Amino acid sequence: MLDKIKGALFGVAVGDALGGTTEFMTPEQIQQKYGRLTEIVGGGVWNLEPGETTDDTAMTIAVAKGIIANSKDPVPAIGEEFMKWFQTNPKDVGRTVSLALEQYIETNDWELAVSKAHELGNGRSAGNGTLMRTLPVALSYQDLLTIEKITESQSRLTHYDFLASEASVIYNRIAHRILTSEMDLKQAIQNDIKGTRYESVLKGKPNVPPNGYVVHTFLWVLHLLLQYSTVEEVIIEAANMGGDSDTIAAISGGLMGLDKGYESIPKRFTEKLLLKRELNDLANQLYKIRIEY
């Protein structure tokens, strides 16, 4: 179990670190500059250091820290961790998240802040910023209803649109099934997306761009997870698609890392991460919470 939890957190981070290099690029631009990106080299639009990660990992860590701070009622603590991170002036903050956190500074009310942010964003708050960070919830609790409730609540801290929380809940249902049943990842996906807006990936490749709209992001994540069988494969494929590559690689890497475990992730990726010690420590703390619940 600890190997799976550790695999999930490191899967998010290695996907983020690899995909961060090619974010916002086209496949043609990636091909021209890198040939095929297969190593964590940094650079990109955020001028990353090799092994540096972006908001995907930072917000995942914030969710984990919030759960560790108060596992019985984690959502307020998660919000506090978001604000601590935001006040460090990070390189990369998604537009919807930024609007919500700015509004919280003004209102000191999460519900009012997310509603105002939705209005300021012209009614568009269905980004992938909650899907990318939600996995620690499924790692920490064994009860599915508890997972679903916290998952939805943490999503609503920044994203007003139902589509954001819906995708996050489906994602964590898949994670929960991997941890509590005999199903492998592909079987869990097939089981949990039946009857949802994501069922179409069972029939073929998504005909949508790999961008930050949560529905498009999740379609590509599911497609990659159904097509490939290792963390290395899914994050390399995601990185070389470009678009919102860091987030798609992080989300798919997290579930694949959960399914296959930490030891399945190539050491050339895990050892490169600048946050590897913190991720290891967080994995151990989430494991202890899971045992308690």
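Before rounding to the nearest 500, sum -39500 (n - 2.57) across all DSSP H runs of length at least 4 in the chain and divide by the residue total; then give [θ] at 222 nm in deg cm²/dmol.
The per-residue figure over the chain is -19500 deg cm²/dmol.
Under 19 Å from the Cα of LYS72, which aspartates and glutamates turn up, not counting those fewer than eight places away in the same chain?
Output for LYS72: GLU80, GLU81, ASP143, GLU148, GLU152, GLU292.
What dipole magnitude, in Debye to the nearest 20, does the chain give about its Cα centre under +1 on Lys/Arg Cβ and -1 on Asp/Glu Cβ?
So the magnitude is around 440 debye.
Which of rounded, prolate, oblate describes the chain, given a ≥ b ≥ c as roots of the alpha-carbon gyration tensor eigenvalues and a/c under 1.5 marking rounded, otherwise prolate only if a/b is larger than b/c?
rounded
Net charge within 15 Å of MET83 by Cβ-Cβ distance, Lys/Arg positive one each and Asp/Glu negative one each, not counting MET83 itself?
Charge balance near MET83 sits at -3.
Starting from the Cα of LEU120, step 7 Å along the direction of its Cβ; do the same at ASP143; then give the gap between the two resulting points in nm.
3.6
Would you mind getting the accessible area per residue of the stretch 26-105, heavy atoms of the protein chains only, 1.4 Å probe, in Å²?
Roughly 48 Å² per residue, with all protein chains present.
Using the heavy atoms of the protein chains alone and a 1.4 angstrom probe, what is the accessible area of the stretch 181-293 per residue in square angstrom?
44
Could you check how much of the accessible area of the stretch 152-293 is carbon and sulfur, as a whole percent, using a 1.4 Å probe?
Taking all protein chains in place, the stretch 152-293 shows 46 percent carbon and sulfur surface.
Could you rank ASP16, ASP281 by how accessible they are, 1.4 Å probe, largest area first?
My answer, sorted largest first, is ASP281, ASP16.
Given 0.36 nm per residue, what is the gain on full extension from ASN280 to THR26 after removing their alpha carbon distance, in nm?
88.1 nm
If you stretched the chain out fully between GLU263 and GLN87, how much longer would it get, using 0.36 nm times the residue separation minus the C-alpha to C-alpha distance?
59.9 nm
For THR88, THR134, give the ranking by accessible area with the largest first, probe 1.4 Å.
Order by accessible area, largest first: THR88, THR134.
Please label the shape of the stretch 1-120 as rounded, prolate or oblate, based on the square roots a ≥ b ≥ c of the eigenvalues of the alpha-carbon gyration tensor (a/c under 1.5 means rounded; beyond that, a/b larger than b/c means prolate, else oblate).
The shape class here is oblate.
So what's the gap between the Cα centers of the stretch 237-262 and the stretch 88-133, to the nearest angstrom?
Distance between centres, Cα-based: 24 Å.
Could you tell me which of rounded, prolate or oblate describes the stretch 178-293, using a ≥ b ≥ c as the square roots of the eigenvalues of the alpha-carbon gyration tensor, with rounded for a/c under 1.5 and, failing that, prolate when a/b is larger than b/c and oblate otherwise?
oblate
With each label point set 7 Å from Cα along the Cα-Cβ vector, what nm distance links LYS203 and LYS186?
The answer from the label model is 2.0 nm.
Out of LYS205, LYS116, LYS33, any idea which swings most in a Gaussian network model of the chain, alpha carbons joined below 10 Å?
Between LYS205, LYS116, LYS33, it is LYS33 that shows the largest mean-square fluctuation.
Around ILE236, under 10 Å between beta carbons, what's the net of Lys plus Arg minus Asp minus Glu among the other residues?
Around ILE236, the surrounding residues sum to -3.
The values are calculated or read from the model by the stated rules, or taken from the named source; none is laboratory data. Given the structure is predicted, the values throughout are model-derived calculations rather than measurements. Glycine also receives a Cβ, built like all others from the backbone with ideal geometry; neighbour counts cover every protein chain displayed. Quick note on the areas: whole protein, heavy atoms, side chains included, nothing else; ligands and nucleic acids left out. Shrake-Rupley method; radii C 1.70, N 1.55, O 1.52, S 1.80 Å.
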